[in-house]
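Inspection log for the structure reproduced underneath, given as structure tokens.
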Amino acid sequence: MNFHLEELKSLIKLESNDVRMIGIYGLGGIDNLKQLKFLAGEHGWFGPGSRIIITSRDQQCLNVHEVDASYEVKALNYKKSIQLFCQHAFKQNIPKSDYVDLSNHVVNYVKGLPLALEVLGSFLFNKSGSDWESALQKLKENPNIEVQNVLKISFDGLDKKEQETFLDIACFFKGWNENDVTRLVEHGRIVIRVLSDKCLITLFGNTIRMHDLVEEMGREIVLHEHPKEPGEWSRLWDPKDISLVLKKEMYLEELKILKLSKSQQLNEIPHFSNMSNLEQLDVEGCRSLDNVDSSIGFLKKLTLLNLRGCQKIRSLPSTIQNLVSLKSLCIDGTAIEELPSSICHLTSLQLLSICECKNLRSLPSNICRLKYLNNLYLSGCSNLETFPEIMEDMECLKSLDLCGTCIKELPSSIEFLKHLAYLRLKKCENLRSLPSNICRLKYLEELDLSGCSNLETFPEIMEDMECLKWLDLRGTCIKELPSSIEFLKHLAYLWLVKCENLRSLPSSICRLKYLNNLDLSDCSNLETFPEIMEDMECLKSLDLCGTCIKELPLSIEFLKHLAYLRLVKCENLRSLPSSICRLKYLQELNLSGCSNLETFPEVMEDMECLMSLDLSGTCIKELPSSIEFLKHLANLRLLKCENLRSLPSNICRLKYLNNLDLFGCSNLETFLEIMEDMEYLMLLDLSGTCIKELPSSIEFLKHLAYLRLEKCENLRSLPSSICRLKYLEELNLSGCSNLETFPEIMEDMECLKSLNLSGTCIKELPSSIEFLKHLTYLCLMECENLRSLPSSICRLKYLNNLDLSGCSNLETFPENMEDMECLMSLDLSGTCIKELPSSIEFLKHLVKLRLVKCENLRSLPSSICRLKYLEELNLSGCSNLETFPEIMEDMECLNRLNLSGTCIKELPSSIEFLKHLVDLLLVKCENLRSLPSSICRLKYLEELNFSGCSNLETFPDMEDMECLKWLNLSGTCIKELPSTLLWSFLFKWFKTVEPLLKWRSINLGGNGIPGWVLHQEMGSQIRIELPMNWYEDDHFLGFGFFCLHHQSEKIDLCLKFDEEEYAYDEVEIFCSDCHEINGSESDQVLLVYYPKISFRDEFHSNHYMHLQASFDDDGWGGEIKSCGVHLIYSQDHQ
């Protein structure tokens, strides 16, 4: 190794200043500082212009070596991942058609790790589909060794403490807050930084993240401690392994961490006397668990006990006092009514979290003896009425959260929480006042009282609270602030949003010299802002939106560093003081919705920082000519200034103006002549104005990218100079109903990509349209005077979307389409077209073709079948279309075909060549009498809709249509669905349960609940006894719930276990949306199928022996007559 390094070093240190080098060092990355210094010791080793690229897994190594710049290589995105994988698996950039889903499984498993993509791709090359499935299953159980060995290199470079912490994160703490982990690990913050520098974890904010493959690697390390003896492992997380170990009652001397949080059926915790070295116990979410075994007292080394979400636990054993090492106790969401007084003996406790414990009414008085307690969280304990008197100093307590509790007052002894930094009382709606000595909390940094809707007063501040930076009084009932507010000397953020009783502010508020943000928005009764007698040099943001303010004080100028001033919807504001122009650091001034503001003051001084001015919805009639002094203004918004009739000519001197929005200025008749270049203006919106014409000088807006003139109904023509806007990307003229012509395009408009002429009066497009060479979107929707298109339109070779829908007088589409290779969407709906040209086949990349309500269309050219990338063909409402052409070639991309409302009598037998069709719609095809048997070969078909095909009498056997999910035969001549077909659908549906669709329904017509349904009852409710081991029986798929109803529009289905446990939120079925067979106004049978895996996790148990189903019409005017339940087993299909 040293020999190779010496050789490499000799090659690097060449005696030539002409050598330019690009070095990539370390195949797996250089992680050793000595190697790095040896190979790249200093800049002088290399010739001028050399670029040295060093790859390393250790950020700290690069930091110490003082590299010029570092870049963290991100995981590959999906597109790059699938491409890299396919290059190794198929020797091409995309998956083979039969391997798309399998390839996606691999890419999702790997999550962007290049090494794994290459290794797995090479491994799967040239293997069959069954080999792939087998390999994927194996990967879930045993990760790839080659990938794991490379990842393990970084792990091997860690010291013992770092390795142990890494394994803890891999097995348990992925996704945890960094602070919660550091509390449990000695020197935790340093260790976590090392793991982050080594790229074994990433920190997203305070959240610890870890790549799935790195997590697997860590867990594999634990498993290999004793491969066949889980009882010897240091950490247990898999329910199967845990169950095995606990059943054998092994002595688990090595076990440090036990995670039972996925064991939803756990109803008792095992005896702990054989786990003397256990450090962490996690039973989060074990909803069936109703107690904690007293043997927990044996766990003298336990540092974490997590009972979060164990909603049946009502108490903790007194032996908890023996947990002398316990640092974190989480009992959030339990049914605990009180804490044992022995809790005071947990002398090492730092975190006590009791959030959302609705039964908790009080805390033991001796909780104050927890002298090392750092965080006490009680948010959401909605019945907690009091906080105990603090008899002893709790000098370590920094955070106290009482949000959402029922507390009426805080004890005066709150002052003894001397080091409290965060006090949160959000939404304590019973809290009416605060004790005066709260002001003695001199280290308090944050006080949150937002949503305390009955809090009327804030106490006088008798002492300096020099650390308080954040005070939130949003939504309180406060009428005034005390004048002593000035003693909050370091206050930076003061929120008083929606304090609707607040009428004024004390003048002393101006003495808060470090105040950065003052938010008074929606204080709807606040009428005045105090005179500013002293500089508030730190105030950057002032929000007065929605207040009742009539005017701002002249002294506003003393807010010298104000950057953001918002007065949105201050409807009483009529004018602004001239002194506002002295706010030289102001960046944003928002006056939108100040509907009585008539004037804007003359700008007497440069406001060189003002970048955004919003006057939308004001009553302004004109802008001052001095607007030109807003030299750096980038955004000027005047939306819906309906009194504005003209703009000052010198607005053109705003040379940095980027966005000028005049949308809805309905009385603006002219746009000014542009006398100077406005080189930064990119967006000009004149939509909804009264403009009759644009000035020819529009060409001087040289960098204009977006010009919008939507619904300018007085606009009749455009100046020819508009074609000189060479950077224009979007031109929107939609709704300009009097615009009759579009100018000849004399110069290339090479950047124009979008042209919208919908709803104009245009009769024809100029033949020079071809010079819009990069046009991708052309919309002529509802251009009712348009009769033809120029043949030159076919030369728009980058055109992607052409919309001609609603051009009711357009009779023909041009013939020569050879050059339109990028066209993906063509909409001719509602046109007068009689036929498509045979050259349609040259639209080779067409994806969507819509011809909805083309009532003159009688046939389609056979060449349409050569559109091999076509995904959607919509011919609905083509009422004179009688035939669909024979499909002579595979249209392998077509997944949606809509022939609804056509005159079609039959489908061609060649329909089977639409192999990837997913949706086939033939609604109200009244001439359709039968279906070809070949339709059954459409194996990917999911939706088949024949509703309203009133002459369709028979339905073919569809045994092979394994993907079919939705079938609608309502209004056909078919009397009932064959029971064999019904069972076929049921089994397919049970096999394809989707996470977001846990149940499905079908309307079986009016022939009553089938006789084979085992359990039936009159009325709307039925209760059945469940068979033994119903959930663990692999042959049992789920339930079919039947309901005979009369004219019910909506039915609710409620399921309960053992008469007390609701199995799921109510299932709501809108009967009009159900799949119907022979729908009528008579009685109907509704079937809801419900797979067993759709029940919530806590019901995945044989513990429940009875199930009750209740149907409810919910007052929609119908009637439930009878109901039934049938248990569906896999063998029923035979």
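The values are calculated or read from the model by the stated rules, or taken from the named source; none is laboratory data. For clarity, every value in this text was computed on a predicted model and none was experimentally measured. A quick note on method: Cβ atoms are made from the backbone with ideal geometry, for glycine too, and the neighbour counts reach across all protein chains shown.
Scanning the stretch 582-608 for residues that are modelled with pLDDT of 90 or more and of a type in the set (A, V, I, L, M, F, W, C), we see that the one that is farthest from Leu552 (Cα to Cα) is Leu586.
Only a single item in (1) at pLDDT 90 or above; (2) assigned to a loop (DSSP other than H, G, I, E, B); (3) touching a strand residue (DSSP E or B) at 6+ places or on another chain (Cβ under 9 Å) is not met by Cys903, and it is number (3). In the set (1) modelled with pLDDT under 95; (2) closer than 21 Å to Leu778 by Cβ; (3) among the small types (Gly, Ala, Ser), the condition left unmet by Ala705 is number (1). Taking (1) in a loop (DSSP other than H, G, I, E, B); (2) modelled with pLDDT of 80 or more; (3) not hydrophobic (A, V, I, L, M, F, W, C) in turn, Gly1038 satisfies each apart from (1).
Yes/no per residue for (1) under 21 Å from Thr303 (Cβ atoms); (2) assigned to a helix (DSSP H, G or I); (3) among the basic types (Lys, Arg):
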{"residue": "Asp180", "(1), (2), (3)": "yes, yes, no"}
{"residue": "Leu195", "(1), (2), (3)": "yes, yes, no"}
{"residue": "Leu203", "(1), (2), (3)": "no, no, no"}
{"residue": "Val214", "(1), (2), (3)": "no, yes, no"}
{"residue": "Met217", "(1), (2), (3)": "no, yes, no"}
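Among the residues of the stretch 254-269, none qualifies, meaning not one is modelled with pLDDT under 75, over 32 Å from the mean Cα position of the chain (by Cα), in a helix (DSSP H, G or I) and crowded, with 18+ Cβ neighbours inside 10 Å. The one condition from (1) touching a strand residue (DSSP E or B) at 6+ places or on another chain (Cβ under 7 Å); (2) within 21 Å of Ile354 (Cα to Cα) that Leu471 does not meet is (2). Can you find a residue that is more than 30 Å from Cys761 (Cβ to Cβ) and at pLDDT below 90 anywhere in the stretch 796-817? No, there is no match, as no residue in the stretch 796-817 is more than 30 Å from Cys761 (Cβ to Cβ) and at pLDDT below 90. Please state which of the following conditions Leu420 fails to meet, knowing it meets all the rest: (1) of a type in the set (A, V, I, L, M, F, W, C); (2) within 18 Å of Asn179 (Cβ to Cβ); (3) at pLDDT below 90. If we test Leu420 against (1) of a type in the set (A, V, I, L, M, F, W, C); (2) within 18 Å of Asn179 (Cβ to Cβ); (3) at pLDDT below 90, just (3) comes out false. Per the listing Asn650, Asn643, Asn659, the residue uniquely over 22 Å from Met746 (Cα atoms), touching a strand residue (DSSP E or B) at 6+ places or on another chain (Cβ under 9 Å) and surrounded by fewer than 18 Cβ atoms within 10 Å (Cβ to Cβ) is Asn659. For beta carbons closer than 8 Å, sequence separation of 6+ or different chains, a first residue in the stretch 167-195 that is over 20 Å from Cys330 (Cβ atoms) and a second that is among the small types (Gly, Ala, Ser) and assigned to a helix (DSSP H, G or I), the qualifying pairs are Leu167/Gly218; Ala170/Gly218.
Those strands (runs of 3 or more DSSP E) of the stretch 815-874 in which 1 or more residues are of a type in the set (Asp, Glu) and under 24 Å from Phe913 (Cβ atoms) occupy 872-874. Of everything listed in (1) at pLDDT 80 or above; (2) under 36 Å from the mean Cα position of the chain (by Cα); (3) within 30 Å of Phe298 (Cβ to Cβ), the single unmet condition for Val185 is (1). Considering the stretch 632-662, the residues that are of a type in the set (D, E, K, R) and part of a loop (DSSP other than H, G, I, E, B) include one that is nearest to Phe700 (Cα to Cα), namely Lys655.
For the stretch 489-504, filtered to residues that are touching a helix residue (DSSP H, G or I) at 6+ places or on another chain (Cβ under 9 Å) and in a loop (DSSP other than H, G, I, E, B), the residue that is surrounded by the fewest Cβ atoms within 10 Å (Cβ to Cβ) is Lys489.
Taken over the stretch 610-622, the criterion of being more than 20 Å from Leu554 (Cβ to Cβ) and at pLDDT 95 or above is satisfied by Met611, Ser612, Leu613, Asp614, Leu615, Ser616, Gly617, Thr618, Cys619, Ile620. Report, by residue number, each residue of the stretch 615-630 that is under 17 Å from Leu565 (Cβ atoms) and either touching a strand residue (DSSP E or B) at 6+ places or on another chain (Cβ under 6 Å) or of a type in the set (D, E, K, R) (or both). Result: Ser616, single match.
Listed here are the residues, each with its yes/no results for (1) within 42 Å of the chain's Cα centre (by Cα); (2) at pLDDT below 95; (3) surrounded by fewer than 20 Cβ atoms within 10 Å (Cβ to Cβ); (4) of a type in the set (Val, Ile, Thr).
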| position | (1), (2), (3), (4) |
| --- | --- |
| Glu676 | no, yes, yes, no |
| Tyr680 | yes, yes, yes, no |
| Asp685 | yes, no, no, no |
| Leu731 | yes, no, no, no |
| Glu750 | yes, yes, yes, no |
| Ser758 | yes, no, no, no |
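Taken together, the residues in the stretch 274-306 that are in a strand (DSSP E or B) and over 14 Å from Ile331 (Cα atoms) amount to 1. Among residues of the stretch 364-384 being farther than 14 Å from His419 by Cα and under 39 Å from the mean Cα position of the chain (by Cα), the one that is surrounded by the most Cβ atoms within 10 Å (Cβ to Cβ) is Cys381. Residues in the stretch 816-858 that are closer than 22 Å to Leu922 by Cα, assigned by TED's automatic domain parsing to the domain that holds Leu873 and in contact with a strand residue (DSSP E or B) (Cβ under 8 Å, 6 or more places away or on another chain): 6 in all. On the basis of being surrounded by fewer than 15 Cβ atoms within 10 Å (Cβ to Cβ) and not basic (Lys, Arg), does Glu480 make the cut? In short, no.
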